[in-house]
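Reviewing the structure listed below.
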Amino acid sequence: MKKHILVVEDDSSIGRLIKPALNKNGYLTTILASGEEALLSMDHSSFDAAILDIVLPGMDGLEILRRIREHPQYKALPVIMLTSKDSEIETVLGLEMGADDYLFKPVRYHELLTRLKKLIARSSYDPRHRTSHLFPLGIQIDLESRIVTGKKGEIPLTYLEFELLSLLANHPGRVFTRDNLLDTIWHEDQFNETRTVDVHIRRLRKKLEENDLHPDIIETVRGVGYRFASR
């Protein structure tokens, strides 16, 4: 079955290029020009990934992303944000809000297809190849259902947040450099924006730690990277 991709882009010239590129590579593509249309479509259709322009008329891409992460069906949907090179603040904010990846405009379609393919492949995991449960530091991680439970109940995580947490929790005490994590989780040799890792770690801490300013679950090893506490 073809993977269904939602693209929210108000520039029709970009949409006319993205749709055939995706369709040619075996995807079913829906192009919409506004956030309102996108949210309505998500209530009536099923999508496997989303590509969102940040700058849109009316509801912008960040608001669409926020709504996606609150949607029970799509809270772990792989999302790629499209942004201009001079909008660094918006890029970081998008990652903070749960975007899985981002690309600068003008879009290089080969790179878009490569990143989309990797995100979807990672989301189509085979649970038979993984241990079913982890119970580190009072957290229950169900690797089959991808549900994380803490002292106060279920902890909602995005797809990449879950991947990052399960990797660290599977290796308590092991230090991972930011480059290690980029290569393992994002699978991007050329993707050297290590702040992406920092943003996802910060989001995880806010969800997992009692005091994210003084974390005792995901520890920082100064000048090196991060590790999951082994105690």
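Here, each number is a calculation from the coordinates, and none is a lab measurement. Small disclaimer: the values here were computed from a predicted structure and weren't measured. Here Cβ is always computed from backbone atoms with ideal geometry, including for glycine, and neighbour counts include all displayed protein chains.
Tabulated data for the structure shown
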| quantity | calculated |
| --- | --- |
| Ranked list, fewest to most other Cβ atoms within 10 Å of each Cβ, for Thr196, Thr220 | Thr220, Thr196 |
| Val55-Leu137 pseudo-label distance in nm [points 7 Å out on the Cα-to-Cβ vector] | 4.0 nm |
| Rounded to 5, the percent of DSSP beta bridges in the chain classed as antiparallel | 45 percent |
| Contact order relative to length of region 4-123, as percent, for alpha carbon pairs under 8 angstrom and 6 or more apart | 23 percent |
| Straight-distance crosslink candidates among lysines, where the alpha carbon sits under 25 Å from Lys118 and sequence neighbours closer than 8 are dropped | Lys2, Lys3, Lys19, Lys24, Lys75, Lys85, Lys105 |
| Rounded to the nearest 20 debye, dipole of the chain from Cβ charges on Lys, Arg, Asp, Glu | 680 debye |
| Sites Lys118 and Ser230, calculated FRET efficiency, Cβ-Cβ separation with R0 45 Å, nearest 0.05 | 0.90 |
| Mean Cα-pair separation over length for region 128-228, i.e. relative contact order, pairs under 8 Å, 6 or more apart, % | 23 percent |
| Length-normalised contact order for the chain - Cα pairs under 8 Å, 6+ apart - percent | 13 percent |
| Fully extended contour minus Cα-Cα distance, from Arg146 to Leu167, at 0.36 nm per residue | 6.3 nm |
| Sites Leu213 and Ser41 - FRET efficiency at Förster radius 35 Å, r taken between beta-carbons, to 0.05 | 0.35 |
